[in-house]
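Written below as structure tokens is the structure these notes are about.
The values are calculated or read from the model by the stated rules, or taken from the named source; none is laboratory data. All of these numbers come straight from a predicted model, not from anything done at the bench. Heads up, the Cβs are rebuilt from the backbone with ideal geometry, glycines too, and the neighbour counts pull from every protein chain shown. The protein model used for the area step is the full one, side chains on, heavy atoms only, and it has no ligands, DNA or RNA in it. Shrake-Rupley method; radii C 1.70, N 1.55, O 1.52, S 1.80 Å.
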Amino acid sequence: MGELRLMKGNEALAEAAIRAGVDAYYGYPITPQSEIMEHLMAENPIKTTGMVVLQAESETASINMVYGAAAAGKKAMTSSSSPGVSLMQEGLSYIAGAELPCVVVNVVRGGPGLGTIQPSQADYFQTVKGGGHGDYKLITLAPASVQEMADFLKLAFDLAFKYRNPAMILSDGVIGQMMEKVELFDYIPRLSDEQVAENCPWATTGKKKGTQRRIITSLNLVPHLQEQFNQHLVEKYKTIQDTEVMCEQLDCEDADYIIVAYGSSARTSMKAVQMAREKGLKAGLLRPQTLWPFPIKQIQSHLSHAKGFLSVEMSAGQMVEDVRLAVNGKVPVEHYGRMGGMIASPADILQALENFKQSIN
């Protein structure tokens, strides 16, 4: 068993970054994710693992520092919240276009605009539909516990390097700020420069005698070559969709009504499913752990018995569009959500589920 601690979600993720052999963190403070950088600064891992922790002058600077470190084959990451992540979109598109691995953490707060420091899930569109320009995708993990904040940090880097693609951890203010027991994994040594050169043959590790120049860029002014590259990305994304979907299912096998929810909304929905079952309403919960790739086939596997799907989100309705695309009109799909930092209680969700049932019948 690994080391057990009682930690905030943000702190657990930061500690996991140190233990995962991350080379560099560049960030800028914003509520409700500031504890990530605060924990890293307090631990000062450059003295233990050699990890660099730097507060940049802005979110724009942070993502471009990540770009540079990732181009050298280093494990680089940043974190922010909602409006800060908006400032990173151009850099994220460049990183995706250069096919570089990195991890970005978004502990979502309410918007639009400066909004509120309270939790939200209204950055779903920005994350899974590509908040920046061009045809690109972010591998997106959605933790629903402090334990997953730690575990998904390591997984995000594994996937990012496996596919040479940026990965996003899409959390929210509830998961980032709440405290739970977490089992921390053992330390993974940082890769040496020699190991980076061996494991990342694409990286710009310095010109050496007998080697070819390595130029990393997202610029290609020849149309047919740019199209070939875009097609290469399409094929890569298809592979990710076919092999990397993760979701958790609770009581879905015989459910008449299935709630689809992620993150903190899934936690309250889990209790709502239990309450529904106690009242004789056969409900289930499907929790996407990857928001992209989205669990389309897992949802479709229940179309033979489910009478409807209810997408529960802290937003005006974003993930519900992907649920509708997966269901493809076979059964009704509705949305229930709270906004502005308000959190739906299990009783609220149960009432929405009962209303949904009545509207179908």
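Evaluate the relative contact order of the stretch 276-356 (contact order divided by residue number), counting alpha-carbon pairs under 8 angstrom at least 6 apart; express in whole percent.
Details: 79 pairs, mean separation 21.8, N = 81.
With pairs under 8 Å counted, the relative contact order is 27 percent.
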- Note on the structure: Calculated from DSSP helices alone, with each H run of at least 4 adding -39500 (n - 2.57) and the total divided by the residues of the chain, [θ]222 nm to the nearest 500 comes to -12500 deg cm²/dmol
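Using a 1.4 angstrom probe with every protein chain in place, what is the largest-first accessible-area order of 343, 63?
On the way: 343 85, 63 0 Å².
Largest accessible area first, the residues go 343, 63.
Add +1 for every Lys or Arg and -1 for every Asp or Glu among the other residues with Cβ under 15 Å from the Cβ of residue 136, and state the total.
Numbers: positive: 129, 137, 164, 236, 238; negative: 90, 99, 135, 227, 235.
Around residue 136, the surrounding residues sum to 0.
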- Query: ³J(HN,Hα) across the stretch 336-349 via Karplus (A = 6.51, B = -1.76, C = 1.60, θ = phi - 60°), whole Hz, x for Gly/Pro?
  - Reply: 10, x, 10, 9, x, x, 7, 10, 6, 7, x, 5, 4, 5
- Note on the structure: Once amide hydrogens are built 1.01 Å from N within the peptide plane, the residues lying 5 or more places from residue 248 or on another chain with amide H under 5 Å from its amide H are 287, 289
- So the carbon and sulfur contribution to the accessible area of the stretch 13-106, 1.4 Å probe, in percent, is 54
- residue 3 neighbourhood, Cβ < 12 Å, K/R = +1, D/E = -1, net charge 0
- How would 26, 187 line up by accessible area, probe 1.4 Å, largest first? 187, 26
- Note on the structure: Phi angles of the stretch 44-52, converted by Karplus (6.51 cos²θ - 1.76 cosθ + 1.60, θ = phi - 60°) into ³J(HN,Hα) in whole Hz with x for Gly and Pro, give 6, x, 4, 7, 10, 9, x, 6, 7
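Based on alpha-carbon atoms only, what is the radius of gyration of the chain relative to the globular estimate 2.2 N^0.38 Å?
Numbers: Rg = 20.9 Å, N = 361, 2.2 N^0.38 = 20.6 Å.
After normalising by residue count via 2.2 N^0.38 Å, the value is 1.01.
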- Counting sequence-distant residues (5 or more places) and residues on other chains, those with an amide H built under 5 Å from that of residue 172 are 108
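What accessible area per residue, rounded to a whole number of Å², is obtained for the chain using a probe radius of 1.4 Å? Don't skip to the end; give the middle numbers.
Details: 15600 Å² over 361 residues.
In whole numbers, the chain has 43 Å² accessible per residue.
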- Note on the chain, DSSP bridge orientation, antiparallel percent to nearest 5 equals 30
- More than 16 angstrom apart: percent of Cα pairs within the stretch 167-245: 76
- Message: Could you derive backbone 3J(HN,Hα) for the stretch 149-163 from the dihedral phi with the Karplus parameters 6.51, -1.76 and 1.60 (θ = phi - 60°), listing whole Hz in sequence and x where the residue is Gly or Pro?
- Response: 4, 6, 5, 6, 5, 5, 4, 4, 5, 4, 5, 4, 6, 4, 10
- Message: Taking the full set of protein chains and a 1.4 angstrom probe, give the accessible area of residue 247 in square angstrom, rounded to the nearest 10.
- Response: 40
- Hey, what did the stretch 12-96 get for relative contact order, percent, Cα under 8 Å, at least 6 apart? 37
- By how many degrees, between 0 and 90 and to the nearest 10, does the Cα long axis of helix 263-278 differ from the longest principal axis of the chain? 20
- Task: Using the structure shown, list the pairs from 75/129; 271/357; 8/154 with a Cα-Cα distance above 20 Å, or answer none.
- Result: 75/129
- Amide H contacts under 5 Å for residue 308, placed H, 5+ residues apart: 258
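Would you work out what percent of the accessible area of the stretch 236-356, with all protein chains in place, is carbon or sulfur (probe 1.4 Å)?
Values: 2490 of 4960 Å².
Carbon and sulfur: 50 percent of the exposed surface of the stretch 236-356.
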